[in-house]
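What follows is a single structure, written as structure tokens, with notes after it.
The values are calculated or read from the model by the stated rules, or taken from the named source; none is laboratory data. Since we're looking at a predicted model, the values are computed, not measured. Neighbour counts run over all protein chains shown; Cβ positions are idealised from the backbone, glycine included.
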Amino acid sequence: MTRIRVEVDGTAVTVEEGASLLAAARAAGVGLPALCHDDRLTPVGSCRACLVGADGRTVAACVTPAADGMRVETGGEELRGLRRDAVELIVSALPPRALTPGLPGGQELARVCGELGIGPGAARGAGGRGRDDSHPYVHLDRDLCIACGRCVRMCAEVQGTFAITMSGRGAETVVAPGTGGAWADSDCVACGGCVDTCPSGALTEPGQALAAGLLTAAGDTGTAGTGQAAGTGQAAGTGQAAGTGQAAVAAGPRRTVTRTTCGYCGVGCALDVHAVDGRVTVVSPAPDGPVNRGHACAKGRFAHGFLTSPERIVRPLLRRGGRLEPAGWDEAVEHVARGLREAVRGGGPDSVAAISSARATNEENYLLQKFMRVAIGTNNVDNCSRLCHAPSAAGLTASFGLPGGTDSFDDVERADCLLVVGANPVEAHPVVGARLLQRALRGARLVVADPRRVGLAHHADVHLRPRPGTDVALFHGLAHVLVAEGLVDGDFLRRRASGLEELTAVLADHPPDRVEGITGVPAGDVVRAARLYGTAGRPAILYGLGVTEHLHGTDGVRSLANLAILRGAVGTGRGFGINPLRGQNNVQGASDMGALPDALPGSAGIADPAARRRAGRVWGAEVPDRPGLRIPQMFAAAREGRLRALWVVGEDVCATDPDSSRVAEALDACPLVVCSELFLSETARRADVVLPAAAWPEKDGTFVNFDRRFQRVRPAVAAPPGVRSDFDAVHAVAAALGTDLGCPSPAAALDECARVAPLFAGISHGRLDREGAVHWPCPDPGLPGTAALYRERFATPDGLARLAAPPYLPPGEEPDDDYPLLLVTGRRWPHYNSGSMTRRTDNLRIEDAERLDLHPDDASRLGLRDGDPLTVESRRGRAALTARTSGDVPPGQVFCAFHFPSGGVNNLVSDRGDTVTSCPEYKVVAVRLRPGRPGS
């Protein structure tokens, strides 16, 4: 980019062409106040606090572009006086308390006033405009609003929710919910961006009063501060000491700020956790977070109250006489070890199984799978990717060679056409959803494929609404158009791909008219979407569980990958491939670490003798060569009496797995069930031993996010007394069995994993502490991580991408006269997974029960109104929900989430799964509705 030369107060600096004078002043080391400005937002120049002289004119620096050779003056009494007058005018309308030292929020305004010599007496407003504390996380003090508009622009330009506006005229202008009424009733999604950017303290969050003392001390000492940097409106760096991620600030109460990675969804947001005397007060998004860039969502930012819930398990529990009773750790560990010995003695190593956790760190997953293979001698270990993204791993590996997305999200965000399939990132991955929306609003073409009118669909150029379970036909229809209209990269297909002839034969049977008959998507929409994707210069595909959680989920992933291969949009720089949006925080990492029945760390197959030998050399033990049981097979084996011990780590399988009543039968039939958990979940209630587990803000280790990024997880607070990390619990059980697993620390575990798995050989805690994040593959400490895959060759045996030609096969279930509606399950933005954490926070005030969304026509036919109790029945079970009419679901379909286990949603779902990976068919459930609760 062209750079230009500007002179600021006699100092020559160079800035990029198009940069503002505010940027030029900063480059010269001059800090200018800018109360209406935030670097992330469109500049407006309304506050006039950044006035400078430029070639003889007085201008607002934030909105004035620099020109080559321009001379800028920032000093001088006249300019300083103009800036002071502008700020004094703003402050004069505020009540005296606006400049009270230590006011929660408002640090920027107070600092600017101090720099300009404006004292508390300048604030002379009468106040009396009132507060709005209706929302659990965003509180408004109208008297402190300076009408700078930063919050409104943050909501629109970064979050993309457009939930707030400026109301009133002249001196009475104040921020307000866009819908009118109380903030709690607005469209606010509690991302907290408005609080972050507010310079005056008009918008605050709970806990900020304590954090205000922390921020003041940080500003004084220059350590760990998160207060805004002068003139930028962005949070300053945290001043973390390399390798610790934590800095203590201020005397008196112990105050710390710890950089860690969010433990909710798979986006991998970097967060700064503020704690006072070991208790979390505020969680703020890290301004330099690799993925989130200073943004967050309601869960990562605010849903930390579960840490101190009185319902937390803080002592091991043992079943005695049919009841779970408190016990000591030594007794509990010995009980587990004795039960494991008895299971192995009675049924061999394969009578023991473990379900590892996508909520746990990489190091914990690595240690548990090593424990199963070394201490027990079985490959019976699996994780919840079996319920969500196992088809991604299988499909992407078959198409390209590795079980991860092809490109980094930084690259995807530069795409000029986004194809978003079977995903609702606005709710399930809000930070990604916000970034994708902004890309679309700035001109990228957007194609959304989803039966519901999900968040991004409101802004789509084309919204494809296929019948659930018909994805393969839809993707073949899009591919048909690409081939028929010559919108493919012939040179790429000749040099770097195989299978075109077989695919072309299948596509001949999928013209748009036939695809319309199968999917319900109008043929014209199929053609329009294909042309948008096919003519783009830099297309990208993102998809979610709407593609994978089907009877033919792996076929769906492979058919979708065909589109990227046909376009030559993988490994060429002419597009950004295909990338899955992972559900849980470490579902990618759990599988990467080998917590799978058929794979070792680094995705090496159990069937590969060289991989087994390499792991065996590092572990000093022979690795079993027979693939272990998948999760559904574990439950079947338990019901049949073949599985005698099951350790479930961090998963409430009774709430999240399909056909829940059959899962409960399996747990009841298994002689020993061990559950590591935070709370007494339904699964824990059925366990024989419950081990209290540390939560993600209490852990040390790493996660891998959805675009293959290793990031550090650091303990921001200590776990409650009596609670141990899963890492320590696995070590304790292994020791009781007489096995030394090595790996005395999480850092040592990742180092050992790097010796077992060449994909991770260059990744360590020390490197992550220095660099922040590293993508795998990274085969050497001296090499950078690989953000974009396959630039030289694909990781298949012949180095070629493989086009797939699966036939379209119908879903496992179809509606009929008895069960005429199709149920699709998914997520809602305030909650996460089974809700075990979010339901123990104030997120419950936002969404307090599970609701069934149904089209108004269906509601009218059934005589249902909003708020009516209803019973949902499938061929397997029933659930109790509440009706909510919504035009976002098409007629004949209904939607609900599974965040409230008491509703029994997963009683409805079939245990039929993807024919390749056994991933359940959560997205196609035939149901019927009747008014009233079950039994009424």
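Structure above, values below:
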{"read-out": "Residues of the range 794-852 classified as among the aromatic types (Phe, Trp, Tyr), within 24 Å of Gly305 (Cα to Cα) and in contact with a Ser or Thr (Cβ under 7 Å, 6 or more places away or on another chain), total", "value": "1"}
{"read-out": "Complete set of residues in the range 59-94 that are part of a helix (DSSP H, G or I), under 45 Å from the mean Cα position of the chain (by Cα) and among the hydrophobic types (A, V, I, L, M, F, W, C)", "value": "Ala86, Val87, Leu89, Ile90, Val91"}
{"read-out": "Residue list for the range 141-164, restricted to those being in contact with a Cys (Cβ under 9 Å, 6 or more places away or on another chain), farther than 24 Å from Gly443 by Cα and outside any loop (DSSP other than H, G, I, E, B)", "value": "Leu144"}
{"read-out": "Some residue of the range 5-25 being closer than 11 Å to Glu73 by Cβ and in contact with a helix residue (DSSP H, G or I) (Cβ under 6 Å, 6 or more places away or on another chain)", "value": "yes"}
{"read-out": "Index of the failed condition, Gly534 passing every other in (1) under 24 Å from Ala390 (Cβ atoms); (2) not in a loop (DSSP other than H, G, I, E, B)", "value": "(1)"}
{"read-out": "Helices (runs of 4 or more DSSP H) fully within the range 652-697 counting 1 or more residues that are without any contact (Cβ under 8 Å) to a residue 40 or more places away in the chain and within 30 Å of Val925 (Cα to Cα)", "value": "660-669, 682-685"}
{"read-out": "Which listed residue, of Leu823, Leu862, is surrounded by 21 or more Cβ atoms within 10 Å (Cβ to Cβ) and touching a residue at least 60 places away in the same chain (Cβ under 8 Å)", "value": "Leu823"}
{"read-out": "Total residues in the range 352-409, condition assigned by TED's automatic domain parsing to the domain that holds Ala561 and acidic (Asp, Glu)", "value": "1"}
{"read-out": "Subset of the range 889-909 that is small (Gly, Ala, Ser) and not in a loop (DSSP other than H, G, I, E, B) - its residue that is nearest to the chain's Cα centre (by Cα)", "value": "Ala897"}
{"read-out": "Residue selected from the range 433-464 under the condition in contact (Cβ under 8 Å) with a residue 24 or more places away in the chain and out of contact with any strand residue (DSSP E or B) (no Cβ under 8 Å at 6 or more places or on another chain), by the criterion surrounded by the fewest Cβ atoms within 10 Å (Cβ to Cβ)", "value": "Gly443"}
{"read-out": "Some residue of the range 102-115 being exposed (fewer than 14 other Cβ atoms within 10 Å of the Cβ) and either at pLDDT 90 or above or under 33 Å from the mean Cα position of the chain (by Cα) (or both)", "value": "yes"}
{"read-out": "Residue check for Asp411: farther than 27 Å from Pro920 by Cα, charged (D, E, K, R) and at pLDDT below 95", "value": "yes"}
{"read-out": "Conditions (1) on the phi < 0 side of the Ramachandran plot; (2) touching a residue at least 40 places away in the same chain (Cβ under 8 Å); number of the one not met by Gly377", "value": "(1)"}
{"read-out": "Output for the range 565-612, where each listed residue is of a type outside the set (Gly, Ala, Ser), surrounded by fewer than 24 Cβ atoms within 10 Å (Cβ to Cβ) and under 21 Å from Arg793 (Cα atoms)", "value": "Thr572, Arg574"}
{"read-out": "Residues (surrounded by fewer than 17 Cβ atoms within 10 Å (Cβ to Cβ) and among the charged types (D, E, K, R)) located in the range 59-87", "value": "Asp68, Arg71, Glu77, Glu78, Arg80, Asp85"}
{"read-out": "Criterion: touching a Ser or Thr at 6+ places or on another chain (Cβ under 9 Å) and either on the phi > 0 side of the Ramachandran plot or touching a residue at least 60 places away in the same chain (Cβ under 8 Å) (or both) - qualifying residue of Arg57, Arg26", "value": "Arg26"}
{"read-out": "Members of the range 720-739 that are outside any helix (DSSP H, G or I) and crowded, with 21+ Cβ neighbours inside 10 Å", "value": "Val723, Ser725"}
{"read-out": "Residue check, Arg386 modelled with pLDDT under 95, under 21 Å from the mean Cα position of the chain (by Cα) and more than 19 Å from Phe895 (Cα to Cα)", "value": "yes"}
{"read-out": "Any hit, the range 386-393, residues being hydroxyl-bearing (Ser, Thr, Tyr), more than 20 Å from Gly641 (Cα to Cα) and out of contact with any His (no Cβ under 7 Å at 6 or more places or on another chain)", "value": "yes"}
{"read-out": "Any hit, the range 360-370, residues being at pLDDT below 95, within 18 Å of Ala599 (Cβ to Cβ) and of a type outside the set (Val, Ile, Thr)", "value": "no"}
{"read-out": "Residue match in the range 910-923 (condition: outside any loop (DSSP other than H, G, I, E, B) and either assigned by TED's automatic domain parsing to the domain that holds Pro468 or under 26 Å from Ser385 (Cβ atoms) (or both))", "value": "yes"}
{"read-out": "Residues located in the range 698-710, provided they are surrounded by 24 or more Cβ atoms within 10 Å (Cβ to Cβ) and either part of a loop (DSSP other than H, G, I, E, B) or of a type in the set (A, V, I, L, M) (or both)", "value": "Lys699, Val704, Asn705, Phe706, Asp707, Arg708"}
{"read-out": "Hey, Pro697 in the same structural domain as Ala749 (by TED's automatic domain parsing) and more than 22 Å from the chain's Cα centre (by Cα) or not", "value": "no"}
{"read-out": "Thr917 vs. criteria surrounded by fewer than 19 Cβ atoms within 10 Å (Cβ to Cβ) and touching a Lys or Arg at 6+ places or on another chain (Cβ under 8 Å)", "value": "no"}
{"read-out": "Of residues in the range 757-803 being of a type in the set (Lys, Arg) and either within 26 Å of the chain's Cα centre (by Cα) or outside any loop (DSSP other than H, G, I, E, B) (or both), the one surrounded by the fewest Cβ atoms within 10 Å (Cβ to Cβ)", "value": "Arg770"}
{"read-out": "Pair list, Cβ < 6 Å and 6+ apart or interchain, from the range 883-903 residues that are farther than 11 Å from Gly835 by Cα to residues that are surrounded by fewer than 20 Cβ atoms within 10 Å (Cβ to Cβ) and of a type in the set (Asp, Glu)", "value": "Ala883/Asp868; Arg884/Asp866; Thr885/Asp866; Pro891/Asp857"}
{"read-out": "Matching option when the condition is closer than 22 Å to Pro430 by Cα, touching a helix residue (DSSP H, G or I) at 6+ places or on another chain (Cβ under 8 Å) and not aromatic (Phe, Trp, Tyr), among Gly106, Gly201, Gly192", "value": "Gly192"}
{"read-out": "Residue among Ala473, Ala444, Ala434, Ala457 that is within 30 Å of Ala804 (Cα to Cα) and under 20 Å from the mean Cα position of the chain (by Cα)", "value": "Ala457"}
{"read-out": "Total residues in the range 828-859, condition of a type outside the set (A, V, I, L, M, F, W, C) and assigned to a loop (DSSP other than H, G, I, E, B)", "value": "13"}
